[in-house]
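Undergrad: What follows is a structure written as structure tokens; I'll ask about it next.
The values are calculated or read from the model by the stated rules, or taken from the named source; none is laboratory data. Remember, predicted model here, so these are calculated numbers, not experimental data. All Cβ positions, glycine included, derive from the backbone under ideal geometry; neighbour counts span all protein chains shown.
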Amino acid sequence: MADIQELVKARRHIKEFTDRPVAEEDVIEWLNTAIYAPNHRMTQPWEVIFVGPETRSKLNHPADFGHAPLVMAIVWKAPENAIERDENLISTAAMMQNFCLLAWAHGVGVRWTSIGWRQDIKDILGVPEGHEVLVVGVGYPETIPSVKPRTPITEKLRRLP
Ligand SMILES: Cc1cc2nc3c(=O)[nH]c(=O)nc-3n(C[C@H](O)[C@H](O)[C@H](O)COP(=O)(O)O)c2cc1C
């Protein structure tokens, strides 16, 4: 497995995938590790859906998730209470980043989409009321984009006495 610092820097958002399948048991293993993410009060607010071909075609994503061999939806509880809602989102994002890094360590990339904010997409996926969803494509990259430079943290760091 790659060095953690290299891994964090090397991971890229992948837009196009080869047709090489990703083993479901590998994805489950990475998810089972990813869930060791920090989460407030051990709420573990996430659930995962493997999206089959029938449902995937209903989602009608404009780029068909870059032809990813696997489409996955991550659902989390989003209660009325703003603190709980944000903490669930943050916990789920931490879990997803863990997953992205674990997948990347095995040569597998993830395409994030924003379609999950749409009510019609939630309906197709059967996302219950009071929940949110992130839909991603998972697969072996067709191409790996170059790194987008980041603003050094020293330019975003301040100190308090
Ligand atoms: C919450 C979230 C939503 C995103 N939605 C999209 C999206 O709808 N389409 C897309 O092409 N990339 C999306 N991205 C990926 C970002 O564009 C990408 O992470 C960013 O450009 C940095 O590139 P890198 O991940 O390769 O370092 C999303 C990322 C996040 C965290």
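Undergrad: Of the residues that sit in the stretch 41-82 and are over 17 Å from the mean Cα position of the chain (by Cα) and of a type in the set (D, E, K, R), which one is surrounded by the most Cβ atoms within 10 Å (Cβ to Cβ)?
TA: LYS58
Undergrad: Go over the candidates VAL133, VAL127 one by one and state the one that is within 14 Å of the ligand (Cβ to nearest atom) and either surrounded by 13 or more Cβ atoms within 10 Å (Cβ to Cβ) or polar (S, T, N, Q) (or both).
TA: On the way: VAL127 fails: within 14 Å of the ligand (Cβ to nearest atom).
Of VAL133, VAL127, the one residue that is within 14 Å of the ligand (Cβ to nearest atom) and either surrounded by 13 or more Cβ atoms within 10 Å (Cβ to Cβ) or polar (S, T, N, Q) (or both) is VAL133.
Undergrad: What number goes with the only condition from (1) modelled with pLDDT under 95; (2) under 26 Å from THR33 (Cβ atoms) that ALA103 does not pass?
TA: (1)
Undergrad: Hey, among the residues in the stretch 109-123 that are surrounded by 18 or more Cβ atoms within 10 Å (Cβ to Cβ) and touching a residue at least 24 places away in the same chain (Cβ under 8 Å), which one's nearest to PRO45 (Cα to Cα)?
TA: Looking at the filtered set, the residue picked out is GLY116.
Undergrad: Continuing with the same structure: Can you confirm whether the stretch 7-22 contains a residue that is under 18 Å from GLN97 (Cβ atoms), among the β-branched types (Val, Ile, Thr), assigned to a helix (DSSP H, G or I) and within 16 Å of the ligand (Cβ to nearest atom)?
TA: Yes, some residue in the stretch 7-22 is under 18 Å from GLN97 (Cβ atoms), among the β-branched types (Val, Ile, Thr), assigned to a helix (DSSP H, G or I) and within 16 Å of the ligand (Cβ to nearest atom).
Undergrad: Here's something else I'd like to know. Quick one: ARG85 ticks every box in (1) more than 16 Å from the chain's Cα centre (by Cα); (2) within 15 Å of the ligand (Cβ to nearest atom) bar one, so which box is it?
TA: Failed condition: (2).
Undergrad: Need the failing condition index for PRO79 against (1) within 14 Å of the ligand (Cβ to nearest atom); (2) at pLDDT below 95, just the number.
TA: (1)
Undergrad: Out of the residues in the stretch 88-108 meeting the condition of being in contact with a helix residue (DSSP H, G or I) (Cβ under 7 Å, 6 or more places away or on another chain) and under 19 Å from PHE50 (Cβ atoms), tell me which one is surrounded by the fewest Cβ atoms within 10 Å (Cβ to Cβ). Steps first, answer last, please.
TA: Of all residues in the stretch 88-108, those in contact with a helix residue (DSSP H, G or I) (Cβ under 7 Å, 6 or more places away or on another chain) come to 91, 95, 98-99, 101-106.
Now narrow it down to the ones that are under 19 Å from PHE50 (Cβ atoms): 95, 98-99, 102-103, 106.
Values: MET95: 24, ASN98: 18, PHE99: 25, LEU102: 20, ALA103: 24, HIS106: 15.
The selected residue is HIS106.
Undergrad: Within the stretch 44-86, restricting attention to residues that are β-branched (Val, Ile, Thr) and free of Cβ contacts under 8 Å to residues at least 60 places away in the same chain, which residue is nearest to ASN32 (Cα to Cα)?
TA: VAL48
A quick yes/no check of all residues on (1) among the charged types (D, E, K, R); (2) closer than 22 Å to LEU125 by Cβ; (3) at pLDDT below 95:
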{"position": "LYS9", "(1), (2), (3)": "yes, no, no"}
{"position": "ASP26", "(1), (2), (3)": "yes, no, no"}
{"position": "GLU29", "(1), (2), (3)": "yes, no, no"}
{"position": "ILE35", "(1), (2), (3)": "no, yes, no"}
{"position": "MET42", "(1), (2), (3)": "no, no, no"}
{"position": "ILE49", "(1), (2), (3)": "no, yes, no"}
{"position": "PRO53", "(1), (2), (3)": "no, yes, no"}
{"position": "GLY66", "(1), (2), (3)": "no, yes, no"}
